[in-house]
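Accompanying notes for the structure given below.
The values are calculated or read from the model by the stated rules, or taken from the named source; none is laboratory data. Note that this is a predicted model, so its numbers are computed, not measured. For neighbour counting, all protein chains shown are included, and Cβ atoms are generated from backbone atoms with ideal geometry for every residue, glycine included. Surface areas here come from the heavy atoms of the whole protein model, side chains and all, with no ligands, DNA or RNA. Shrake-Rupley method; radii C 1.70, N 1.55, O 1.52, S 1.80 Å.
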Amino acid sequence: MRKYVIMGVQGSGKGTQSQLICEDLGLVHIAVGDIFRWHVRNHTKLGAQVRRIMNAGELVGDDMVESVVRNRLDDHDWNYGFVIDGFPRNGRQAEFFMESYDIDGVIHLELPEDEVRRRVLSRRLCPNCGMDYNLIADRPEQEGRCDICGHGLITRADDTPEALDARLRDYNEKTRPVLELFRRKEFVHDIDARPPADEVQAKIRAALNLPAYQARPTV
Ligand code: AMP
């Protein structure tokens, strides 16, 4: 059983790297932001409660976040372990998490702020299936259309310069201290997030002593 936390500023590639780790190791990717986005997209009661907060780039309240995480982990569909992404984001969430789950390591993706802005402002999302694109590194085959389902791509409501400022402020003030807390427990592996995704993945695997990435054979 392997249980990892992945941390890093917005646009550092947490989602992409988590998916690559999970793909051939049988781990489950738990992305708290994706769970909230699913609720907003599907107009659930929870979605209505978090929509405005998310669009402004602010953090959802801890009680709500903790219940979403607890419910998700209670599914117990993670026999081989999980990579949790976007959580914990402040001291209280970190305490809640460490009281309930032991973790094997924290992957910290490091990216300078000018690169964060460049990447985040060129990010696009498929509102239908949730697939993420980036106009710099990961363009869709047909401009403005999702490769998977063909739906028109949009900019995430919280990928505006104003919302990004709010999210970076929260990251620096609230999330960085969590990283220091984990660092004291010697969980943290710092990884340079600037190189191409496959190189970053190789560094993560080396740091965590995981087998090299094996791409799934295409049928
Ligand atoms: P992300 O995709 O991780 O950037 O998350 C998108 C948005 O979901 C954030 O800007 C927050 O509004 C909300 N969110 C996700 N994870 C958390 C968390 N751990 N604590 C509070 N809010 C969160």
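Quick notes
- Hits in the range 163-183 (condition: farther than 9 Å from R89 by Cα and touching an Asp or Glu at 6+ places or on another chain (Cβ under 8 Å)): L164, A166, R167, L168
- Sole exception among (1) modelled with pLDDT of 95 or more; (2) in a loop (DSSP other than H, G, I, E, B); (3) touching a Lys or Arg at 6+ places or on another chain (Cβ under 8 Å); (4) not aliphatic (A, V, I, L, M) for G150, by number: (3)
- When the residues of the range 70-94 are filtered to those that are assigned to a loop (DSSP other than H, G, I, E, B) and more than 11 Å from the ligand (Cβ to nearest atom), the one that is surrounded by the fewest Cβ atoms within 10 Å (Cβ to Cβ) is H76.
- Residue match in the range 58-69 (condition: in a strand (DSSP E or B) and within 19 Å of the chain's Cα centre (by Cα)): no
- Checked against (1) within 14 Å of the ligand (Cβ to nearest atom); (2) over 17 Å from the mean Cα position of the chain (by Cα); (3) closer than 25 Å to V120 by Cβ; (4) surrounded by fewer than 17 Cβ atoms within 10 Å (Cβ to Cβ), W38 passes all but a single condition, namely (2).
- Pairs where the first residue, in the range 25-47, is free of Cβ contacts under 8 Å to residues at least 40 places away in the same chain and part of a helix (DSSP H, G or I) and the second is more than 11 Å from the ligand (Cβ to nearest atom) and open to solvent by less than 40 Å² (accessible area, probe 1.4 Å), C-beta under 6 Å, 6+ apart: H39/L46; H39/G47; V40/G47
- Options R205, R139, R156; residue that is of a type in the set (D, E, K, R) and loosely packed, with under 15 Cβ neighbours inside 10 Å: R139
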